[in-house]
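Working notes, beginning with the structure itself.
The values are calculated or read from the model by the stated rules, or taken from the named source; none is laboratory data. Computed from a predicted structure; not experimentally measured. Note: ideal-geometry Cβ built from the backbone for every residue, glycine included; neighbour counts use all protein chains shown. Surface areas here come from the heavy atoms of the whole protein model, side chains and all, with no ligands, DNA or RNA. Shrake-Rupley method; radii C 1.70, N 1.55, O 1.52, S 1.80 Å.
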Amino acid sequence: MSTSWTAFGGDLHLDLTERRAAGAGLRAALEDALREAVQDGRLAPGTRLPSSRALGEDLGIARNTVVEAYGQLTAEGWLTSRQGSGTTVAERTAPSVGRRAARPAPERPAARYDLMSGRPDVSLFPRTAWLAAARRALATAPHDVFGYGTPLGRIELRQALTHYLARVRGVRTDPDHLLICSGVTQGLGLLCAALRERGAGALAVEAYGLPPQLAVARAAGLTTVPLPLDEAGARVDRLDDRPGAVLLTPAHQFPTGAPLAPERRAAAVRWAREHDGYVIEDDYDGEFRYDRQPLGAMQALDPERVVYAGTAAKSLAPGLRLAWLALPEALVEPVARLKRLADTMSPVLDQLTLAELITSGTYDRHVRRCRLHYRRRRDRLVAALAEHAPNVRVTGIAAGLHAVLRLPPGSAPEADLVARAAAAGLALNGLSWHRVEDAGGPADLPPSLVIGYGTPPEHAFPAALDALCELLREG
């Protein structure tokens, strides 16, 4: 490839073979190929073309042939050329000849306010601190960072997380038992596949949870066995010998908000020991506790029977796709092997940046700021409901980024309220959306709305509250 082509910085694929075979001259073939590239949109208006010398060298034709083709297409209005500015594709106001009209996308009413649960306020992402940490991490990173590494993830992040999780969540692990994955969803998929390899046929789950996680388990070949819920969390006394593991959200049940009672934590671990099974602890919002002392990770009860799953999705942003598993010894090799097959390893530069944030103390300071922000959001939600919808009971608010609104007797059906909310520009879910499909029998929890208060930007939050209260007033 020529130096001038490299300086231009772009490649241009033009196949003249068929046109030449059909009898077209070299210049005519080049003109036809360029016209077609403009017509079908591969060369958009304003695109700068390679110099005549560079294109001639790349195609193996004389420079004068390219000059003449450019001149002809300029005269026809396909291209524009100015001295010192090169040749570019001309702006065209009329639709290109022969170009297929794009099919309009179906119109969907856009939600003005996002009150879906499980979503953080991404405007809080610490851009300046992240950029500074990324620069420090990149400046000191060894060269092997840019090669293929272990599927467990970068040792820098695994070391940082070992100390952080022990200090903040009471997790008992070490770098050799931590695996970095692209979100808890991927981690759960790897775990379910490993359990399937061990002969498991089912996964016990809470009767209300996150439907995409259930889809992941089923895609791995596991059936789901629902456990009823009450104010003390999942009824782990209903566990039997069918599942190979149980998926729990013990610190803050998603979505009801109930913490798993201590005796039930112990019972779940005891079940895992007696049945050669595992507890998968999804600590999805472990950093955010408001009106109670933080509950330590259930994993500390038995690190060889409890898999701890944590994430940066709520504390930083879901778009980072950074999560981690603290694995029992028996699961390290199979899960790491499956991770290698899935995508070799997670992107390393973000891992190094997060490690730098944690070790510098910046991550702790950021989490504290977020905790205060979300607590204020929660308090404003509760105050607005107390004033404008006093018959609605608000639950599950001692932690996390969402609340459950128990609808009073005589309210419109939950599905109707969700539909009316959508028509009013409010994106939210009813509690029934979270119910496991094969739970069987009547719903064991009353009709409710699940409201995420983290996502709306600050300037839109008051209006979102007003719209929600208006919906509830109308019943």
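Tabulated data for the structure shown
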quantity: Count - residues of segment 178-207 that are in a helix (DSSP H, G or I), touching a Lys or Arg at 6+ places or on another chain (Cβ under 9 Å) and surrounded by fewer than 24 Cβ atoms within 10 Å (Cβ to Cβ); calculated: 1
quantity: Residue in segment 232-241 that is open to solvent by less than 20 Å² (accessible area, probe 1.4 Å), over 19 Å from Gly400 (Cα atoms) and among the aliphatic types (A, V, I, L, M) present; calculated: yes
quantity: Complete set of residues in segment 313-329 that are within 26 Å of Ala403 (Cβ to Cβ) and open to solvent by 20 Å² or more (accessible area, probe 1.4 Å); calculated: Lys314, Pro318, Gly319, Leu320
quantity: Segment 376-393, residues that are within 31 Å of the chain's Cα centre (by Cα) and open to solvent by less than 40 Å² (accessible area, probe 1.4 Å); calculated: Arg377, Arg378, Leu381, Ala384, Leu385
quantity: Candidate set from segment 12-68 (those that are open to solvent by 50 Å² or more (accessible area, probe 1.4 Å) and of a type in the set (Ser, Thr, Tyr)); member that is nearest to Thr80 (Cα to Cα); calculated: Ser51
quantity: Those residues of segment 399-419 which are in contact with a His (Cβ under 8 Å, 6 or more places away or on another chain) and either assigned to a loop (DSSP other than H, G, I, E, B) or open to solvent by 20 Å² or more (accessible area, probe 1.4 Å) (or both), in sequence order; calculated: Gly400
quantity: Set Cys192, Cys181: member being of a type outside the set (Phe, Trp, Tyr) and without any contact (Cβ under 8 Å) to a residue 60 or more places away in the chain; calculated: Cys192
quantity: Answer from Gly257, Gly310, Gly286, Gly296 - the residue that is part of a loop (DSSP other than H, G, I, E, B), surrounded by 24 or more Cβ atoms within 10 Å (Cβ to Cβ) and either of a type outside the set (A, V, I, L, M) or at pLDDT below 95 (or both); calculated: Gly286
quantity: Matching residues in segment 63-87 - criterion: being of a type in the set (A, V, I, L, M) and out of contact with any strand residue (DSSP E or B) (no Cβ under 9 Å at 6 or more places or on another chain); calculated: Val66, Val67, Ala69, Ala75
quantity: So Ala326, is it modelled with pLDDT of 95 or more and either farther than 17 Å from Ala166 by Cβ or acidic (Asp, Glu) (or both); calculated: no
quantity: Residue within segment 116-128 that is surrounded by fewer than 13 Cβ atoms within 10 Å (Cβ to Cβ), of a type in the set (Lys, Arg), at pLDDT 95 or above and under 21 Å from the mean Cα position of the chain (by Cα) present; calculated: yes
quantity: Sole exception among (1) farther than 28 Å from Ala137 by Cβ; (2) buried (at least 20 other Cβ atoms within 10 Å of the Cβ) for Tyr363, by number; calculated: (1)
quantity: All positions within segment 330-360 that are open to solvent by 10 Å² or more (accessible area, probe 1.4 Å), hydroxyl-bearing (Ser, Thr, Tyr) and within 19 Å of Gly183 (Cα to Cα); calculated: Thr344
quantity: Residue that is nearest to Ala422 (Cα to Cα), among those in segment 432-465 that are among the small types (Gly, Ala, Ser) and modelled with pLDDT under 85; calculated: Ala443
